[in-house]
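Q: Next up is a structure, given as structure tokens.
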Amino acid sequence: MGGKLDVYLDIASLYSYVAFAYLQQHTSELAAHGVEIEYHPVLLGAINASTGNRPPWTVPAKASYLKHDASRSLSRVSLPPSTAMPPDFMARANTLLPLRCLTYIKYNFPPPPSSTSPPSRDKHPQNGSETFVAALAQLLKSFWIDHSDLNDPSVLSSALLSATSNFAPVFASPGQVAQVVSAAQSDATLKAKVKDRTREAVEEKGAFGAPWIWATNDAGKGEPFFGSDRFHHVYLHLGVPFTDVTIVPPASRAPGGSGGKTKL
């Protein structure tokens, strides 16, 4: 029992938001079963282009179905009904700048004091930085709920300044955020890291969309899972005990004949 979830996601992917919301709601339970979660920012547009996949809204039947499925999925993880595609989605869907910011934060902000391993520029850091997770949560919210244009550096900076953990800001000052955004704009290694993680998702993990989850169990066996509604299969692979969807039998008629209705 236990293992690791490598979760490849993009801010411009609604179902990445759904999967992230679900995992954040269950992080403690998964940790109790020895499951580690690591999020990897990747560019969904590049994944689609390299695999020949088409965004679902470009297929009329899928677009029609998404109107139903999206609302169901959002409701299940308690995301508000206002979560919706921004009006100029295609112009904002190239999320390279915010993805670079997230990558910078992931590799440069420290994990909690309980961790004995500092973040590394050469190896994948553990997903232990509250700052990184809080920034990811805020940018997803900004894109899908606030409809902020995160390709605008000033808007992106304001969104990052709003990131909180336990109701406290995770960035010490506007200057700290300015450092993050400046690095994202000028540091070529950040572009390379996003490109490398995207390539890794496609070439090594078999990704054709997002969210893409690579689950490795405690025996070291990894398997891919696509989407935000495959967690029962993920748990079976990891050996994590869970309660599956269960059909509840109808209430039996009470003696004396109450028509099957229960009196309170």
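Q: Restricting to the range 194-213, what's the tally of residues that are open to solvent by less than 10 Å² (accessible area, probe 1.4 Å) and in a loop (DSSP other than H, G, I, E, B)?
A: The number of residues fulfilling the criteria is 3.
Q: Also, I was wondering about something else. Being among the hydroxyl-bearing types (Ser, Thr, Tyr) and open to solvent by less than 60 Å² (accessible area, probe 1.4 Å) is the filter; apply it to the range 219-251 and report the residue that is farthest from ALA19 (Cα to Cα).
A: Of the residues in the range 219-251, the ones among the hydroxyl-bearing types (Ser, Thr, Tyr) are 228, 235, 243, 246.
Adding the requirement that they be open to solvent by less than 60 Å² (accessible area, probe 1.4 Å) leaves 228, 235.
Values: SER228: 5, TYR235: 14 Å.
Ranking the candidates gives TYR235 first.
Q: To continue, here is another question. Which of the helices (runs of 4 or more DSSP H) found entirely inside the range 59-114 contain at least 3 residues meeting this: open to solvent by less than 40 Å² (accessible area, probe 1.4 Å) and either of a type in the set (Lys, Arg) or in contact (Cβ under 8 Å) with a residue 24 or more places away in the chain (or both)?
A: Answer list for the range 59-114: 60-76, 96-108.
Q: I would also like to ask the following. Restricting to the range 171-190, name every residue that is of a type in the set (A, V, I, L, M), under 13 Å from THR131 (Cβ atoms) and either assigned to a helix (DSSP H, G or I) or open to solvent by less than 30 Å² (accessible area, probe 1.4 Å) (or both).
A: Residues satisfying the conditions are VAL177, VAL180.
Q: From the set of residues in the range 208-229 that are of a type in the set (D, E, K, R) and more than 14 Å from the chain's Cα centre (by Cα), which is nearest to ASP69 (Cα to Cα)?
A: Of everything passing the filter in the range 208-229, GLU223 is nearest to ASP69 (Cα to Cα).
The values are calculated or read from the model by the stated rules, or taken from the named source; none is laboratory data. On a predicted model such as this, the values are computed, not experimentally measured, just so you know. In this analysis, Cβ positions are derived from the backbone assuming ideal geometry, glycine residues included, and neighbour counts consider all displayed protein chains. Surface areas here come from the heavy atoms of the whole protein model, side chains and all, with no ligands, DNA or RNA. Shrake-Rupley method; radii C 1.70, N 1.55, O 1.52, S 1.80 Å.
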